[in-house]
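Undergrad: Provided herewith is a single structure, encoded as structure tokens, for subsequent inquiry.
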Amino acid sequence: MTRIGLAPVLGYLIIEEDFNIALGVFALAGLTDLLDGFIARNWANQKSALGSALDPLADKILISILYVSLTYADLIPVPLTYMIISRDVMLIAAVFYVRYRTLPTPRTLAKYFNPCYATARLKPTFISKVNTAVQLILVAASLAAPVFNYADSIYLQILWCFTAFTTAASAYSYYHYGRKTVQVIKG
């Protein structure tokens, strides 16, 4: 919930070009994500279906707002942001479709939107995990660029290209492996 709450704050700070504070808030969001994962892995009674649904949602919201904001601030190119957002929209659409197909009848809206009633789990591919890390590294590097005065660096441009490559590879991996990335949960 903290990352979901921090996402619009980060977007606002970036649009207002307050990159020093935005970099600190981004670090805070990263720490809350690490802490959340650590707690969920080490204390079984702290793991929940709602938390399992909110974690990837928080990641998508945070990444989307950060990329759109950084693009608005001319720190990330428009085509790259379009590519990342498009991939995420396609993944979300696929998750909605799988959710519908795996929901037992009678299918109701209450059942469909109840995160405590899990019917399937998307298993990220290896390249998708790499892509997430690369996207977050690009966000951190882009946020730091105006703070440390390297916004026109060739290394940042290389990172844009590498991020585009891993995003395309990740999208292809979900297309290619399709059903192998979805684990249906028997209720």
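Undergrad: Given the conditions (1) within 24 Å of ALA27 (Cα to Cα); (2) surrounded by 12 or more Cβ atoms within 10 Å (Cβ to Cβ); (3) at pLDDT 95 or above, report the number of the one that TYR155 does not fulfil.
TA: Only one criterion in (1) within 24 Å of ALA27 (Cα to Cα); (2) surrounded by 12 or more Cβ atoms within 10 Å (Cβ to Cβ); (3) at pLDDT 95 or above is unmet by TYR155, namely (2).
Undergrad: Are any residues in region 1-47 among the polar types (S, T, N, Q) and either within 17 Å of the chain's Cα centre (by Cα) or open to solvent by 90 Å² or more (accessible area, probe 1.4 Å) (or both), and if so, which ones?
TA: THR2, ASN20, THR32, ASN45, GLN46
Undergrad: Looking only at region 66-93, which residues are touching a residue at least 40 places away in the same chain (Cβ under 8 Å), open to solvent by 50 Å² or more (accessible area, probe 1.4 Å) and either in contact with a His (Cβ under 8 Å, 6 or more places away or on another chain) or among the hydrophobic types (A, V, I, L, M, F, W, C) (or both)?
TA: Those that are touching a residue at least 40 places away in the same chain (Cβ under 8 Å), open to solvent by 50 Å² or more (accessible area, probe 1.4 Å) and either in contact with a His (Cβ under 8 Å, 6 or more places away or on another chain) or among the hydrophobic types (A, V, I, L, M, F, W, C) (or both): VAL68, MET83, MET90.
Undergrad: Exactly one of (1) hydroxyl-bearing (Ser, Thr, Tyr); (2) open to solvent by less than 60 Å² (accessible area, probe 1.4 Å); (3) under 17 Å from the mean Cα position of the chain (by Cα) is unmet by THR102. Its number?
TA: Every condition holds for THR102 apart from (3).
Undergrad: Here are ALA141, ALA118, ALA145: which of them is over 14 Å from the mean Cα position of the chain (by Cα), within 27 Å of THR102 (Cα to Cα) and either surrounded by fewer than 17 Cβ atoms within 10 Å (Cβ to Cβ) or not acidic (Asp, Glu) (or both)?
TA: Matching residue, one of ALA141, ALA118, ALA145: ALA118.
Undergrad: Given the condition under 20 Å from LEU34 (Cβ atoms) and outside any helix (DSSP H, G or I), answer yes or no: does some residue in region 133-142 qualify?
TA: Checked region 133-142: no residue is under 20 Å from LEU34 (Cβ atoms) and outside any helix (DSSP H, G or I).
Yes/no matrix, rows are residues, columns are (1) touching a residue at least 12 places away in the same chain (Cβ under 8 Å); (2) not charged (D, E, K, R):
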residue	(1), (2)
PHE148	no, yes
ASP152	no, no
ILE158	no, yes
GLY178	no, yes
ILE185	yes, yes
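The values are calculated or read from the model by the stated rules, or taken from the named source; none is laboratory data. From a predicted model like this one, the values you see are computed outputs, not experimental measurements. Note that we place each Cβ from the backbone using ideal geometry, even for glycine, and neighbour counts take in every protein chain shown. Surface areas here come from the heavy atoms of the whole protein model, side chains and all, with no ligands, DNA or RNA. Shrake-Rupley method; radii C 1.70, N 1.55, O 1.52, S 1.80 Å.
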